[in-house]
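Taking it in order: structure first as structure tokens, then the write-up.
The values are calculated or read from the model by the stated rules, or taken from the named source; none is laboratory data. Owing to the predicted nature of the structure, the values given are computational and were not obtained by experimental measurement. Here the Cβ positions follow ideal geometry from the backbone for every residue, glycine too, while neighbour counts run over all protein chains shown.
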Amino acid sequence: MSDVLTQAIDLVVYGMGTVVIFLTVLVGATMLMSYCLQTFFTAERPEVTLRPSAASSEGLTDPKILAALSAAVKKYREDHN
């Protein structure tokens, strides 16, 4: 009985040790790749300019649409409180 228990403990220790070593190497490799990519392959990001779309500047100023949206929000809040 003692021999079987000793073999089981050895197997658990070797298995868990293998997993810990593998995960440590994996994390280290991931950090190394991240460092290399950030150091050697950084490109300047293009400047993005935002412009309002035609739908947002024309459609939401209509009083009928604003009234419909307000009524929908009010109804939703009444139903979900």
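Tabulated results
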| item | result |
| --- | --- |
| Total residues in the range 28-60, condition at pLDDT 80 or above and surrounded by 10 or more Cβ atoms within 10 Å (Cβ to Cβ) | 10 |
| Meets criteria (modelled with pLDDT of 95 or more and part of a helix (DSSP H, G or I)) for Val4 | no |
